[in-house]
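What follows is a short report on a single structure.
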Amino acid sequence: MSDLFSLAGKTALVTGATHGIGAMIARGFIEAGVRVYITARNKAECDAMVAELSPVGECVAIPADLSREEECVRLAREIKEREDRLDILVNNAGTGWSAPLEQFPAEGWDKVLDLNLKAPFYLTRELASLLKQSGTPEDPARIVNIGSVDALRVAEFPTYSASTSKAAVHHLTRILAADFAPSVTVNAIAPGSFPSRMMAEVLEGFRPVIEAVTPLKRIGRAADVVGTTVFLCSAAGSYLTGTVIPVDGGLSTCRLGFVPPQFLKAA
């Protein structure tokens, strides 16, 4: 059973790994014996994360602004200079924007799609050779894209570009799964509400509401998303590809597509 979920000796790249879900996955991988490359835009935050995780295992930071294609290309080139194969790619880096339709700016569309949708595509394109070099039909390399529960339902907040970009990530996952088979599996995780910098304001104002309308009555914990990612990247998940797995406490099954007024007043 330990072999079934083992990741020991694997090499992974996790994007957006200095906060939130990315940081959770990076730590989980390192604790599982994975050599982990992390990236995020802020060098100081990358260095702080390396300092935090290096006592646990091997962690290397390569800062990059993945909203720019040339930075995706540079990051991939630096990985290729260090590694002749890559076992796992986690496309997690993302951002959001919320505004009423009538006030939604072009910047709120372009900024979000550049990071949430274009970056996973460009980075996967540039790292395809390393992933294919690593994977076999018996033990495929893994790509895990981080989508969103709000791409499976209509969100309560006007997150037009974020929800749309994540829905596109879900379908991109299916297309890439067909293209990369059989040597690489490509799956997506659609998280619900997890503690993160991007969710901090929402959770501060609406955590009781979110927990109340979530069937499992809580927000996500690190173990929830780490466990699912480890499953997908281990032998246990080697026969899954093209899937989108909601890790959302059942929120995607919820009948409520809005926040009831009484909850808003209570919050």
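The values are calculated or read from the model by the stated rules, or taken from the named source; none is laboratory data. Just so it is clear, the model here is predicted, and its values are computed rather than measured. Virtual Cβ from ideal backbone geometry, glycine too; neighbours counted across all protein chains shown.
Table: residues versus (1) small (Gly, Ala, Ser); (2) within 30 Å of Glu138 (Cα to Cα); (3) crowded, with 22+ Cβ neighbours inside 10 Å.
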| residue | (1), (2), (3) |
| --- | --- |
| Leu4 | no, yes, no |
| Ala17 | yes, yes, yes |
| Glu45 | no, no, no |
| Gly57 | yes, yes, no |
| Leu86 | no, yes, yes |
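Do we have any residue at all in the stretch 210-222 that's touching a helix residue (DSSP H, G or I) at 6+ places or on another chain (Cβ under 9 Å), within 30 Å of Leu123 (Cα to Cα), surrounded by 16 or more Cβ atoms within 10 Å (Cβ to Cβ) and of a type outside the set (A, V, I, L, M, F, W, C)?
Yes, there is a match, as at least one residue in the stretch 210-222 is touching a helix residue (DSSP H, G or I) at 6+ places or on another chain (Cβ under 9 Å), within 30 Å of Leu123 (Cα to Cα), surrounded by 16 or more Cβ atoms within 10 Å (Cβ to Cβ) and of a type outside the set (A, V, I, L, M, F, W, C).
Criterion first (of a type in the set (Val, Ile, Thr) and more than 25 Å from Tyr37 (Cα to Cα)) does Val169 satisfy it?
Here the answer is no, as Val169 does not meet what is asked.
Taking Arg77 as meeting all but one of (1) touching a residue at least 40 places away in the same chain (Cβ under 8 Å); (2) surrounded by fewer than 17 Cβ atoms within 10 Å (Cβ to Cβ); (3) within 19 Å of the chain's Cα centre (by Cα), write down the number of the exception.
Arg77 satisfies all of (1) touching a residue at least 40 places away in the same chain (Cβ under 8 Å); (2) surrounded by fewer than 17 Cβ atoms within 10 Å (Cβ to Cβ); (3) within 19 Å of the chain's Cα centre (by Cα) except (3).
Residues that are in contact with a Gly (Cβ under 8 Å, 6 or more places away or on another chain) and not acidic (Asp, Glu): find the strands (runs of 3 or more DSSP E) completely inside the stretch 1-114 holding 2 or more of those.
Per the criteria, 11-15, 35-39.
With respect to Thr95, determine if the residue is free of Cβ contacts under 8 Å to residues at least 40 places away in the same chain, β-branched (Val, Ile, Thr) and under 25 Å from Val244 (Cα atoms).
no
Does at least one position in the stretch 159-170 carry a residue that is of a type in the set (Val, Ile, Thr) and over 27 Å from Phe5 (Cα atoms)?
Checking the stretch 159-170: at least one residue is of a type in the set (Val, Ile, Thr) and over 27 Å from Phe5 (Cα atoms).
Looking only at the stretch 142-167, count every residue that is within 23 Å of Glu102 (Cα to Cα) and among the aliphatic types (A, V, I, L, M) and tell me the total.
Within the stretch 142-167, residues that are within 23 Å of Glu102 (Cα to Cα) and among the aliphatic types (A, V, I, L, M) number 5.
Just need a number here: residues in the stretch 197-214 that are at pLDDT 80 or above and either in contact with a Gly (Cβ under 7 Å, 6 or more places away or on another chain) or in a loop (DSSP other than H, G, I, E, B) (or both).
Counting residues in the stretch 197-214 that are at pLDDT 80 or above and either in contact with a Gly (Cβ under 7 Å, 6 or more places away or on another chain) or in a loop (DSSP other than H, G, I, E, B) (or both) gives 2.
Given the options Ile62, Ile25, name the one that is in contact with a Ser or Thr (Cβ under 6 Å, 6 or more places away or on another chain) and closer than 13 Å to Asn92 by Cα.
Going through Ile62, Ile25 in turn, just one is in contact with a Ser or Thr (Cβ under 6 Å, 6 or more places away or on another chain) and closer than 13 Å to Asn92 by Cα: Ile25.
For the subset of the stretch 135-182 comprising residues that are in a helix (DSSP H, G or I) and of a type in the set (D, E, K, R), which member is surrounded by the fewest Cβ atoms within 10 Å (Cβ to Cβ)?
Per the criteria, the residue is Asp179.
Which condition number does Arg221 fail, the rest of (1) at pLDDT below 95; (2) within 29 Å of Asp3 (Cβ to Cβ); (3) not β-branched (Val, Ile, Thr) being met?
(1)
Taking the condition surrounded by fewer than 21 Cβ atoms within 10 Å (Cβ to Cβ) and in a helix (DSSP H, G or I), does Phe121 pass?
Yes: the conditions hold for Phe121.
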